[in-house]
């Protein structure tokens, strides 16, 4: 029995020994947190240090100007460099400060008195110091200010010593512009590194006296930020990796212009905004010259209206808005007559530029007068007058205008012959019959790709006019996207109409998005520049070299921004909203990318912009 118990005890002891060996082996193989975050190597030199393959250098601030202004650190916070910033703030007892200030004031007054007795010239610096000391004493005495010791250290990183010197020079220049002076922590790089890594250790101990007001100006969380509580996500702020979330309807107007060269991602960006805006309750209206929006429209159950000479779709430019506002109802006919004048000038040849640079209408003054009378008579024959009660009658068509002009005197018959191609000629049907479309949908796309080049500006003008009438009839939050808007800028009448729409859109809760890749032509037009001026938001994606100079002058871009504008990768650009602008990276989820990309060879990557 004793032998059996001894055997059992030996077996248990053997198992315990084996278990201890296994646990020891397990613990030996475990990686501690310190092992995970520790660099592979660390070299400390007098003016720099090296962590693995990266070089670093710690600098400290030792001199400040007499006054500091709010946001003076924002340039450092938002600089496009890798750096660590540490601030150490030590409260000082007010009583101690007051005693020291009293001694300082006494000394300054004594020095000034001695200088005055000896007939020396006044010392402005000493007088300013005395005034500052007295003011600070008053503020401390009543508790309006407190006193602190303040240390500011910056550690910069680079891939080489040459690059490190360049980064340091950039920071010194940035500080020097504000009369803030910095130095390298010579022979104290290890202490400098320990002071800027997140372990709350001030080993440099280089501090400066500051009061509450001066300390508050150093508040570090100021940056080029465009984040609101509501709105849609446009992308990532490349300055600080924050989110660019913005509600365009919160600005003074909801208009936006998008400039980019082909393939830079402008259509992708606009479609992404449209998709996200629908989720916030906005209706989307799109004029699509290149059949780029059909996939998106089908995905969200939108209406896709294809305009061509062979389609059954009809839009009557003589339609009147059914406005409720009594003042607007009185002017509805007059406003549509003005719109029709511009449309008919466009149909009959547009406004041409003379060799002297002056605009020359396709119509003579006599033809303008006869056309005006013809339009009024055409509406009258349909029973429509300036009386708003008559505006519910069936509107006339271009064919009715043709008959009116043909049977009136003066230049009427000649004008009728010039209009005949739109009534019974090549372009007959599409705009010469009663409207048969309904845009009562969350997304409506007007495709004009299959129209002849001569008819495209006319079609865009008529569609814009039709949308404008609907917008005034039923007011709700809408976005109108006009792609390839440079086609409208070629003619004064259509450019003027687009500008008037941009100027008045806010009143009807409409946000106009104007997209173009022909920047020079668009900005070369007086109306094009006016549209940009009436757009609170602008997005500049990658541009051609010639367009960079034009946009740089218009948007007052810095040299660095101009250089980047021609080198942005697809999906990156400058995003302007009101007085602020940031460098933004457009991002989309994998599902969104699948819905809106038009490049079948682009792999669908989550959170990545795509080309148009």
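The values are calculated or read from the model by the stated rules, or taken from the named source; none is laboratory data. None of the values given here were measured: they were computed from a predicted structure. Glycine gets a Cβ as well: all are built from the backbone with ideal geometry, and neighbour counts include every protein chain shown.
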Of the residues 443, 408, which single one is buried (at least 16 other Cβ atoms within 10 Å of the Cβ), modelled with pLDDT of 85 or more and in the same structural domain as residue 392 (by TED's automatic domain parsing)?
408
Single match in 450, 492 (criterion: touching a strand residue (DSSP E or B) at 6+ places or on another chain (Cβ under 9 Å), closer than 19 Å to residue 294 by Cα and modelled with pLDDT under 85)
450
If we scan region 501-513, do we find a residue that is in the same structural domain as residue 260 (by TED's automatic domain parsing), in a loop (DSSP other than H, G, I, E, B) and within 18 Å of the chain's Cα centre (by Cα)?
no
Check whether at least one residue in region 247-258 is surrounded by 15 or more Cβ atoms within 10 Å (Cβ to Cβ) and assigned to a helix (DSSP H, G or I), and report yes or no.
yes
Options 305, 287: the member that is more than 15 Å from the chain's Cα centre (by Cα) and surrounded by 24 or more Cβ atoms within 10 Å (Cβ to Cβ):
287
Suppose the filter is assigned by TED's automatic domain parsing to the domain that holds residue 186 and closer than 21 Å to residue 89 by Cβ; does residue 157 pass it?
no
Might you check whether a residue that is part of a loop (DSSP other than H, G, I, E, B), buried (at least 18 other Cβ atoms within 10 Å of the Cβ) and modelled with pLDDT under 90 occurs anywhere in region 117-132?
no
Considering only residues that are under 30 Å from the mean Cα position of the chain (by Cα) and in a helix (DSSP H, G or I), which ones fall in region 463-475?
463, 464, 465, 466, 467, 468, 469, 470, 471, 472
Residue hits (region 1-40; modelled with pLDDT under 70 and either in a loop (DSSP other than H, G, I, E, B) or within 26 Å of residue 53 (Cα to Cα) (or both)) are 1, 30, 31, 32, 33, 34, 35
Using beta carbons and a limit of 7 Å, which pairs, at least six apart or on different chains, have the first residue in region 399-428 and part of a loop (DSSP other than H, G, I, E, B) and the second one surrounded by fewer than 16 Cβ atoms within 10 Å (Cβ to Cβ)?
410/366; 411/366; 427/309; 427/421
Can you say whether residue 97 is surrounded by 15 or more Cβ atoms within 10 Å (Cβ to Cβ), modelled with pLDDT under 80 and not in a loop (DSSP other than H, G, I, E, B), as far as the supplied structure shows?
yes
Right, residue 140: at pLDDT below 75, more than 30 Å from residue 48 (Cβ to Cβ), in the same structural domain as residue 176 (by TED's automatic domain parsing) and in contact with a helix residue (DSSP H, G or I) (Cβ under 9 Å, 6 or more places away or on another chain) or not?
yes
Subset tally (residues that are assigned to a loop (DSSP other than H, G, I, E, B) and either at pLDDT 85 or above or touching a helix residue (DSSP H, G or I) at 6+ places or on another chain (Cβ under 9 Å) (or both)) for region 259-301
11
So residue 317 ticks every box in (1) at pLDDT 85 or above; (2) under 23 Å from the mean Cα position of the chain (by Cα); (3) buried (at least 23 other Cβ atoms within 10 Å of the Cβ) but one. Which box is left unticked?
(2)
Check on residue 218, at pLDDT below 85, under 16 Å from residue 85 (Cα atoms) and surrounded by 16 or more Cβ atoms within 10 Å (Cβ to Cβ)
yes
